[in-house]
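The values are calculated or read from the model by the stated rules, or taken from the named source; none is laboratory data. If you're wondering where the values come from, they're calculated on a predicted model, not measured in any experiment. For neighbour counting, all protein chains shown are included, and Cβ atoms are generated from backbone atoms with ideal geometry for every residue, glycine included. We work out accessible area using only protein heavy atoms, side chains counted, and drop any ligands, DNA or RNA first. Shrake-Rupley method; radii C 1.70, N 1.55, O 1.52, S 1.80 Å.
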Amino acid sequence: MVLVNDTVSGYIGTDIILHCSFVNPLPSVKITQVTWQKYTNGSKQNVAIYNPNMGMSYLPPYRGRVKFQSPSYRDGTILLSQLQLEDEGAYICEFATFPTGNRESQLNLTVLAKPRNHMDETTKPLVAVPASNAKVVVATCTSANGKPSSSLSWETKLKGESVFQELKNDNGTVTVISQYLLVPNREAHRQSLTCVINYQTERDAKTMTLNVQYEPQVSIEGFDGNWYVKRADVKLTCLADANPLPSSYQWRMANGSLPDGTEIVNNTLLFRGPVTYSLSGTYICEAKNAIGSQTGQVEVNVTEFPFTPTPPGQHERSATSMFSMAVIGGIVGGVVFLVIVSVIIFLLVRRRHHTFKGDYNTKKHVYGNGYSKAGVAQHPPMAQSLQYPEDSDDEKKPGPIGSSSYEEEDDEGLEGRKLGPKYDDESKRPYFTVEEGDRRGYGEDRTLGYQYEPEDLPDNLVPQNDGSFISKKEWYV
């Protein structure tokens with residue numbers, strides 16, 4: 001058996017070893033020769049030969065670049081130096097034996113080529129043109145003559161786009177090209193642009209910084225809104241963001257020439273002497289560079305007295321304090337409201353507790369001229385004396401002085417009841433029982449009166465504000 005590596009790879013210009021050995025030979029087998037061949041287009045081409053009797057032989061185009069490392073009957077390993085792309089292909093290691101014939105194995109050699117990577121900035125100046133959306137190439141990234149081909153990508157904060165192109169060379173290598181395009185603008189100036197090249201397991205990054213030219217963007221500082229009469233040492237400064245830097249600054253006023261006592265130093269307008277009302281007006285600064293020019297302006301107002309603005313921190317604290325007070329006020333108001341509601345509910349419950357609203361079967365009412373149905377807070381005047389009929393064996397009913405006896409109505413109604421002679425006309429009687437009042441419709445428009453002496457009440461009864469009385473057991477429940 002002949003043993004070789006199935007696949008071997010190496011980079012152009014490097015050396016590579018092709019292993020080959022003969023294993024487990026029979027004692028009767030004799031090795032007569034070791035031969036390396038390259039298989040190309042269906043034919044075999046000799047590369048190197050080792051014969052124990054004749055020595056070693058190397059054939060072109062490999063002569064001078066190939067040799068046996070330790071030739072023997074069992075080892076046919078060779079060293080191939082200065083790899084070239086043309087060396088790639090299939091190689092056969094063959095052992096000639098006697099009397100069993102030839103034994104061989106094949107391996108594949110792959111030649112790799114590391115690409116040459118570089119990134120170039122465009123040779124044309126990048127100029128930001130106002131109101132233009134034309135995209136231009138700002139950088140080109142190239143990975144040339146690689147085998148296998150590389151992969152390219154871009155890393156940046158710029159808002160652009162990339163295009164890719166892949167070229168296959170005659171020698172089997174590949175060149176990959178990528179361009180990055182964007183609309184030149186002021187925000188792109190000094191932004192970084194990185195091309196990332198990945199080849200096999202290697203990562204290569206190329207970075208550049210863009211140089212975008214644009215006209216000035218002008219602003220004026222120095223007026224703080226507090227220029228007052230007799231204030232000293234005031235000035236206005238013209239600030240311009242531009243690439244290249246502004247070559248000149250020009251000051252003027254919108255309504256005429258500059259006031260007396262002004263002086264221009266570079267980009268600063270100095271005012272000599274104290275502030276006067278004559279300094280009020282609109283000041284304009286124009287900055288120029290090689291790309292163009294732009295202006296900025298500021299309106300200056302002069303006041304009679306200085307103005308001391310509230311510090312931002314104090315204003316924030318005041319707003320916070322007002323918010324806190326509003327929150328506290330809301331909480332206190334809510335608590336007071338709950339207390340008031342609680343007191344009202346307590347009073348209502350207490351009043352209901354002292355006014356019996358239960359079963360009127362437990363109360364004893366008489367209708368009379370003593371107490372209004374509206375509910376007076378005190379008892380009406382009491383009768384001076386009470387007289388009961390002598391012929392009544394039932395419960396004694398109070399009556400006016402001088403009245404005759406009457407009979408208590410039976411359980412069925414008032415039919416069996418007789419009035420005294422003085423009150424034969426029932427409509428003239430000063431009082432009625434509850435049942436009589438209900439039947440005659442006097443319950444709502446007749447007044448009530450107490451026709452009993454307080455000292456005559458049983459101990460287990462309690463009088464009520466509406467003219468009734470209930471048992472102490474029911475009252476305290």
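Things to note:
- The spacing between the stretch 37-75 and the stretch 234-299, judged by their C-alpha centroids, is 87 Å.
- When each of 124/168; 135/288; 114/159; 38/67; 159/206; 114/206 is checked by Cα-Cα distance, pairs over 22 Å: 124/168; 135/288; 114/159
- Positive-pole candidate from 302, 289, 270, dipole of the stretch 247-310, charges at beta carbon: 289
- Portion, in percent, of the accessible area of the stretch 25-117 that falls on carbon or sulfur, probe 1.4 Å: 48
- Its alpha carbons considered, the stretch 1-80 gives a radius of gyration followed by a Dmax of 13.3, 43 Å.
- Relative contact order of the stretch 152-235, taken over Cα pairs closer than 8 Å and 6 or more residues apart, is 25 percent.
- Three-way shape call for the stretch 117-255 based on the alpha-carbon gyration tensor, with the a/c threshold at 1.5: prolate
- Proximity of backbone amide H atoms, modeled 1.01 Å from N, is registered between residue 139 and 122, 180 at under 5 Å, excluding neighbours fewer than 5 places apart on the same chain.
- A protection proxy built from the mean count of other Cβ atoms within 10 Å ranks the segments 20-31, 103-114, most packed first, as 103-114, 20-31.
- Length-normalised contact order of the stretch 1-148 in % [C-alpha pairs under 8 Å, at least 6 apart]: 27
- Backbone amide hydrogens, once placed in the peptide plane, bring residue 67 within less than 5 Å of 79, excluding anything fewer than 5 places away on its chain.
- The stretch 137-190, accessible surface, carbon-and-sulfur percent (1.4 angstrom probe): 45
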